[in-house]
Amino acid sequence: MIDLAKTIDLSTTYLGLKLKNPLVASSSPMCGDVANVRRMEDSGVAAVVLQSLFEEQIELESDELDRFMTEGSELSAEAVTHLPELTGRVMGPDAYLTHIVKCKQAVKVPIIASLNGTTRGGWLGYARQIQQAGADALELNIYHIAVDPDVTGEQVEKQYVDLVQSIKKEVTIPVAVKLGPYFSSMANMARKLDAAGADGLVLFNRFYQPDYDLENLEVVPNLILSNSHELLLRLHWIAVIYGSVKADLALTGGVHSAQDIVKSMMAGARVAMMTSALLKRGISYLDTLSTELLVWLGEHEYDSIRQMQGSMSRNAVPQPKAFERANYMKVLSSYAAR
Ligand SMILES: Cc1cc2nc3c(=O)[nH]c(=O)nc-3n(C[C@H](O)[C@H](O)[C@H](O)COP(=O)(O)O)c2cc1C
């Protein structure tokens, strides 16, 4: 194993940061604990994205926040789902900045802070404070759920672009944009965000769709951890977008094994991010993953991660139509023939 580590280069770059491997802990309350961040580094993580600081946490007074949390009315689904953990840790805006400072003191790996919101407003000013606190980069999670029938797709897209432009004015550190897959033209949206200055695109948010509790006739938040099946949607779009934007691509959602990481790289991602895998198997699973990654590369005669990045993107494969409608027809007819 030591020999493989000497001969195989797992390094990658993301947002201008040189990373020793493509394993990144994605944003979650797990990263709200400095001891966890240290354990992630000890287990071989290359960078950590901190849990999000939500627009609502910055804009609302704490009693208002409590009320909204209880009523769940005007908060995004993700905020409703995750804020209890965050508020449980008393991670208000000031504590968030302190947490960045502490993480930077505790570990050498890059720390990427995360702001989560949808509207332009005073909260965006926090981006500058996040930079001053020492974050190496910023991830902007635009978790927007378009429920207003009067708002057009074009308006929604403009809102995303405006937000990215506004945040880019606040900071000089790189900014990655995390978003969901529900756009009429995902590839075009990626280009627009690229043109707006996004240094990275993090694909994709998972939407925590509420379920119904039939006994109590209530709508309840529903958080199910991912599995590798969720990787496929991300592979598809990263493979399609790769090469058409300058921004670095990060894959989040469904990374659970070394093979999942290899697939992410081949599609064109610079890094493979993980939360569910670490929640299910523990932080030390990162160690297993980097070993298995080395073994996979060794067995398949790869010298480096860079060599495989984008090698299975849409433009690199001999059958690019597999990403298009022709494949859809083929898949359907192959099933009928079984
Ligand atoms: C418990 C939990 C909390 C999360 N909190 C955040 C968050 O604060 N901000 C954010 O951008 N994503 C958050 N996420 C989403 C993850 O960063 C990740 O994008 C998503 O879980 C898909 O990756 P996975 O399949 O590796 O879990 C959270 C996910 C989970 C499971």
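The values are calculated or read from the model by the stated rules, or taken from the named source; none is laboratory data. Note that the structure is predicted; figures quoted are calculated from it, not measured. Using ideal geometry, Cβ is built from the backbone for each residue, glycine included, and neighbour counts are taken over all protein chains shown. All accessible areas refer to the heavy atoms of the entire protein, side chains included, with ligands and DNA or RNA removed. Shrake-Rupley method; radii C 1.70, N 1.55, O 1.52, S 1.80 Å.
Data overview
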item	result
Some residue of the range 273-287 being more than 13 Å from residue 23 (Cα to Cα), near the ligand (Cβ under 9 Å from one of its atoms), at pLDDT 95 or above and small (Gly, Ala, Ser)	yes
Subset tally (residues that are farther than 20 Å from residue 166 by Cβ, assigned to a helix (DSSP H, G or I) and open to solvent by 10 Å² or more (accessible area, probe 1.4 Å)) for the range 103-131	3
Cross-chain or 6+ apart pairs with Cβ under 9 Å, the range 213-226 first and more than 12 Å from the ligand (Cβ to nearest atom), then at pLDDT 90 or above and open to solvent by less than 50 Å² (accessible area, probe 1.4 Å)	219/213; 220/213
Of all residues making up the range 281-332, the number that are open to solvent by 60 Å² or more (accessible area, probe 1.4 Å) and either touching a Pro at 6+ places or on another chain (Cβ under 7 Å) or in a helix (DSSP H, G or I) (or both)	14
Residue match in the range 150-159 (condition: touching a strand residue (DSSP E or B) at 6+ places or on another chain (Cβ under 8 Å) and open to solvent by 10 Å² or more (accessible area, probe 1.4 Å))	no
Total residues in the range 230-256, condition of a type in the set (Ser, Thr, Tyr) and either open to solvent by less than 30 Å² (accessible area, probe 1.4 Å) or touching a Lys or Arg at 6+ places or on another chain (Cβ under 6 Å) (or both)	1
Residue 239 being part of a helix (DSSP H, G or I) and modelled with pLDDT of 95 or more	yes
Only listed residue being surrounded by fewer than 18 Cβ atoms within 10 Å (Cβ to Cβ) and modelled with pLDDT under 75, chosen from 59, 78, 85	85
Selection within the range 257-267 - crowded, with 24+ Cβ neighbours inside 10 Å and either within 15 Å of the ligand (Cβ to nearest atom) or within 21 Å of residue 52 (Cα to Cα) (or both)	261, 263, 264
Residues (open to solvent by 20 Å² or more (accessible area, probe 1.4 Å), of a type outside the set (D, E, K, R), closer than 24 Å to residue 125 by Cβ and in contact (Cβ under 8 Å) with a residue 60 or more places away in the chain) located in the range 160-209	174
Subset of the range 227-255 (residues that are away from the ligand (no atom under 16 Å from the Cβ) and of a type in the set (Phe, Trp, Tyr))	242
Some residue of the range 216-225 being under 26 Å from residue 20 (Cα atoms) and not β-branched (Val, Ile, Thr)	no
Residue 270 in contact (Cβ under 8 Å) with a residue 12 or more places away in the chain, under 15 Å from the mean Cα position of the chain (by Cα), at negative phi and open to solvent by 10 Å² or more (accessible area, probe 1.4 Å)	yes
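Every residue, every condition in (1) within 16 Å of the ligand (Cβ to nearest atom); (2) open to solvent by less than 50 Å² (accessible area, probe 1.4 Å); (3) of a type in the set (D, E, K, R); (4) touching a Lys or Arg at 6+ places or on another chain (Cβ under 7 Å), yes or no:
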position: 5; (1), (2), (3), (4): no, no, no, no
position: 14; (1), (2), (3), (4): yes, yes, no, yes
position: 19; (1), (2), (3), (4): no, yes, no, no
position: 35; (1), (2), (3), (4): no, yes, no, no
position: 48; (1), (2), (3), (4): yes, yes, no, no
